[in-house]
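The values are calculated or read from the model by the stated rules, or taken from the named source; none is laboratory data. On a predicted model such as this, the values are computed, not experimentally measured, just so you know. All Cβ positions, even for glycine, are placed from backbone atoms using ideal geometry, and neighbour counts span all protein chains on display. Protein only, heavy atoms only, side chains kept; ligands, DNA and RNA dropped before computing areas. Shrake-Rupley method; radii C 1.70, N 1.55, O 1.52, S 1.80 Å.
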Amino acid sequence: MSINFNDQVAIVTGAGNGLGRSHALELAKRGAKVVINDLGGARDGTGGGSEAAKEVVALIEANGGEAIANGANVADFDQVQQMIEQTMGKWGRIDVLVNNAGILRDKSFAKMDLADFQTVLDVHLMGSVNCTKAVWDIMREQSYGRIVMTTSSSGMYGNFGQANYGAAKMALVGFMNTLVLEGKKYGVNINTLSPTAGTRMLEDIIEDKQVMDLMSVESVTAALVTLCDRDAPNRTILCAGAGGYATTHIYETEGIFLPPSEQTPENVRANMDAIHNTQGEKMLLAGFEQTNKFVEKAIAYIKSQ
Ligand SMILES: NC(=O)c1ccc[n+]([C@@H]2O[C@H](COP(=O)([O-])OP(=O)(O)OC[C@H]3O[C@@H](n4cnc5c(N)ncnc54)[C@H](O)[C@@H]3O)[C@@H](O)[C@H]2O)c1
């Protein structure tokens, strides 16, 4: 059965350009009423204007859909709160939140100004936190919600010149992991998209036009839509680009146990191969699973004495 968002309301941040624009157009095409949030700034977050968001609204309306433009800066909680009030006033519910707005301030860490580090955290991390906080009670009360974070391979694996961006993007994975635990009984699923697409964000990194064309925003949006759906997974990091789709996970090795008299740095170093051994490694679904594993090994040792 095809995925639809009939009778649902979606907010897409940073929907005036690139991926957000594509996500918003597809959600609207599939029946959602969509809030097109965009500050309208340059790639580094400077400047602003409402043209881009209004153009997306006009496109949706021309295709028979419903949308409203909103110019909130996601890094400003008061503006986000007003956006949520505007949405609730107009449509009375919010089913889907796509945290997509983002900027870049790339420089090697040695040259990076702390103000640029903070600004990138403010937009990516606090922007997603602000929007999620503002819809959280609404989704809990209606016992339904789909929230998507947007991470990046730069966050999960690193990228030269993107210490600020990588830190902010990986923080969103941590944010998701706890929200999943807190949202589960209210029917609120949280997932993370890791895109790679030929938008203005990559235009000076990838110069080959053919490659940029392969990395279409639509190919990424196909993945995003599955994370917004009623049948969405929970806690998935879905990677998408150029028609490729994958997931990524954090695993923990089974590890070793050292009795108290052997708990020295030299013994930890001497056992590094066994600590790294991936046989039996697991994805842990809450932080306490790690604590329990270690404590169980320590108790087993005490009992064996
Ligand atoms: N393009 C890629 O390959 C790629 C890779 C990994 C992650 N991402 C992430 O995907 C998301 C979209 O990126 P894109 O490539 O479409 O970039 P883009 O620059 O084309 O679009 C980002 C949009 O966000 C808006 N925006 C920026 N700051 C805002 C703020 N404070 N409040 C509201 N709107 C704001 C911008 O005006 C812009 O329209 C970003 O979070 C980005 O980090 C993109």
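Scanning segment 26-44 for residues that are assigned to a helix (DSSP H, G or I) and within 16 Å of the ligand (Cβ to nearest atom) returns Glu26, Leu27. Residues in segment 53-81 that are open to solvent by less than 30 Å² (accessible area, probe 1.4 Å) and within 13 Å of the ligand (Cβ to nearest atom): Ala53, Val56, Asn70, Ala72, Val74, Val80. Within segment 253-294, being touching a strand residue (DSSP E or B) at 6+ places or on another chain (Cβ under 9 Å), open to solvent by 80 Å² or more (accessible area, probe 1.4 Å) and hydrophobic (A, V, I, L, M, F, W, C) holds for one residue alone: Met283. Answer yes or no as to whether Gly127 is in a loop (DSSP other than H, G, I, E, B) and touching a residue at least 12 places away in the same chain (Cβ under 8 Å). When the stated conditions are applied, Gly127 does not pass them. Selection of segment 176-202 for residues being outside any helix (DSSP H, G or I) and either among the aromatic types (Phe, Trp, Tyr) or open to solvent by less than 50 Å² (accessible area, probe 1.4 Å) (or both) yields Gly187, Val188, Asn189, Ile190, Asn191, Thr192, Leu193, Ser194, Pro195, Ala197, Gly198, Thr199. Taken together, Ser108, Ser154 contain a single residue that is more than 14 Å from the ligand (Cβ to nearest atom), open to solvent by less than 40 Å² (accessible area, probe 1.4 Å) and in the same structural domain as Ile237 (by TED's automatic domain parsing), which is Ser108.
Of all residue pairs spaced 6 or more apart or on separate chains, those with beta-carbon atoms under 9 Å, a first member in segment 100-122 that is among the hydrophobic types (A, V, I, L, M, F, W, C) and a second member that is exposed (fewer than 14 other Cβ atoms within 10 Å of the Cβ) and in a loop (DSSP other than H, G, I, E, B) are Ile103/Ala42; Ile103/Asp44; Ile103/Thr46; Leu104/Asp44; Phe117/Phe109. Considering segment 89-99, and only residues there that are touching a residue at least 12 places away in the same chain (Cβ under 8 Å) and under 17 Å from Ala72 (Cα atoms), the residue that is farthest from the ligand (Cβ to nearest atom) turns out to be Lys90. For Ile205, work out the one condition from (1) more than 19 Å from the chain's Cα centre (by Cα); (2) in the same structural domain as Gly45 (by TED's automatic domain parsing); (3) open to solvent by less than 40 Å² (accessible area, probe 1.4 Å) it doesn't fulfil. The single condition Ile205 does not satisfy is (3).
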